[in-house]
Amino acid sequence: MEPHRKELLILRLLKEARDGYLSGESISHRLGISRTAVWKHIQAIRKAGYHIESSPKKGYRLNPDFQPFNAYEIKGLLETELVGRTLHFHDSVDSTNTVATALAKDGAQEGTAVVADSQKGGRGRLGRRWYSPEGVNLYTSIILRPDLPPQEAHKLTFLAGVAVAEAVEEWCPVRVELKWPNDILVEGRKLGGILTELSSEADRINFIVVGIGLNVNMDTRGLPEDVESIATSLKEVCGKELSRVHVVAGLYSSLEKWYKRFLEEGFEGVLKRWKDYFGFEGRRIVVKGREIVEGVCMGVDGDGALVVALPSGVSRKVMAGDLEIAG
Ligand code: BTN
């Protein structure tokens, strides 16, 4: 739940209070409201997830160790010019990609982002579900409007992968691996995924929705078997909980940096960086898509297609599918 206008003003005063405490009287004076009204607003702020201590002598103090996950806190940390500047925060949605698509169809500007605390119908690639419990992870979708032909839309998936990988390595010293085309792995387990969806004319993209799911503070032990057996979270790989507010803000900065670089310099730099995180080259793989392709992974070509050397020695390019280590 999001704090309202008066509550936001009180929150700002509490955050600015130099010695921590702020008396009810001083708040009532500065906002021109009664002490009872102050108390009611404090209750509402607490209900929104903030921890406010009160002392009869000193007044109210905001405990900075508890940072609720909401639009106000995210906006307070954003350092971007584009990504997340317009932010739609929801406690629960069907899918942030669906919400972002509707906003984009309504003309939402580039960079508009949707964040949800939970998803009831979180979607993964190839019609899979994306496990999206409340209170622990990040589910976000960003609207981009690059001037590109539709067949180049997948480049944004590579770009998002690089942005996530670099951001994660800022937060904790782990080795992130990107699995073609859209998986974010640590120690072979899935930390996150990217679902890029687009609306286009025959020759031009109208908009792209880049959906990112990142497991942040989720404990994977005891989860449904299909999730527990393959997933991990930042908490598990970093050995500590992370503030989701910092995670969103950092991720948006990283995404903006790579998006600008892509627009200015093209795909080459993105792909080069992506290859640093791709650990499948030289390994025997199986790619399951429209057909099953098995062979040695030769990397990706300049357009992001996977190149597989077949046992016959012939090279095959694969544009879509699921990559697995053979055997
Ligand atoms: C995958 O690995 O298959 C992609 C998973 C993408 C999940 C994210 S969570 C935010 C956004 N909303 C969705 O419904 N899906 C993406």
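What to note about this one:
- Low-density loop cleavage sites - GluC sites (Glu not before Pro) in the range 27-115, where at most 16 other Cβ are within 10 Å (DSSP): Glu79, Glu81
- Taking Asp226, Asp117, Asp303 as the candidate residues, the one with maximal mean-square fluctuation in a Gaussian network model of the chain, Cα springs under 10 Å, is Asp226.
- Axial C-alpha extent at least 20 Å, average Kyte-Doolittle at least -0.5 - helices from the chain (DSSP): 155-171, 244-265
- Gyration tensor (alpha-carbon) shape descriptor, the range 179-303, a/c threshold 1.5: oblate
- Rolling a 1.4 Å probe over the protein heavy atoms of the range 162-275, with every protein chain left in place, gives an accessible area that is 45 percent carbon and sulfur.
- Cα-Cα over 24 Å, subset of Lys260/Lys317; Lys240/Lys272; Lys190/Lys260; Lys275/Lys317; Lys179/Lys272; Lys105/Lys155: Lys260/Lys317; Lys240/Lys272; Lys190/Lys260
- In sequence order, calculated HN-Hα J values of the range 73-86 (Karplus, 6.51, -1.76, 1.60; Hz; x Gly/Pro): 5, 5, 4, x, 10, 4, 10, 8, 9, 10, 6, x, 5, 9
- Relative contact order (percent, whole number), the chain, Cα cutoff 8 Å, 6+ residue spacing: 13 percent
- For a 4.7 Å threshold on C-beta separation, the list of partnerless cysteines in the chain reads Cys297.
- In the range 284-325, Cα pairs under 8 Å separated by at least six residues give a relative contact order of 39 percent.
- Average Cα contact separation per residue, the range 72-168, under 8 Å, 6 or more apart, as relative contact order %: 26 percent
- Mean-square fluctuations from a GNM of the chain, with a 10 angstrom spring cutoff on Cα atoms, peak among Lys257, Lys58, Lys155 at Lys58.
- Residue-by-residue Karplus 3J(HN,Hα) for the range 284-300, coefficients 6.51, -1.76, 1.60, Hz, glycine and proline x: 6, 10, 10, 10, 9, x, 4, 10, 9, 10, 10, x, 9, 6, 9, x, 10
- Choice from Ile212, Ile142, Ile42 showing the highest fluctuation, given a GNM over the chain with Cα pairs closer than 10 Å: Ile42
- In the chain, helical runs assigned H by DSSP with n ≥ 4 each contribute -39500 (n - 2.57); averaged across all residues and rounded to the nearest 500, the mean residue ellipticity at 222 nm is -10000 deg cm²/dmol.
- Global form of the range 56-99, assessed from the alpha-carbon gyration tensor, a/c cut-off 1.5: oblate
- Overall form of the chain per C-alpha gyration tensor (a/c, 1.5; a/b vs b/c): prolate
The values are calculated or read from the model by the stated rules, or taken from the named source; none is laboratory data. Everything numeric here is computed off the predicted structure, so don't read it as measured data. Counting neighbours? That spans all protein chains shown, and the Cβs are built from the backbone with ideal geometry, glycine included. Ligands, DNA and RNA are excluded from the accessible area calculation, which covers all protein heavy atoms including side chains. Shrake-Rupley method; radii C 1.70, N 1.55, O 1.52, S 1.80 Å.
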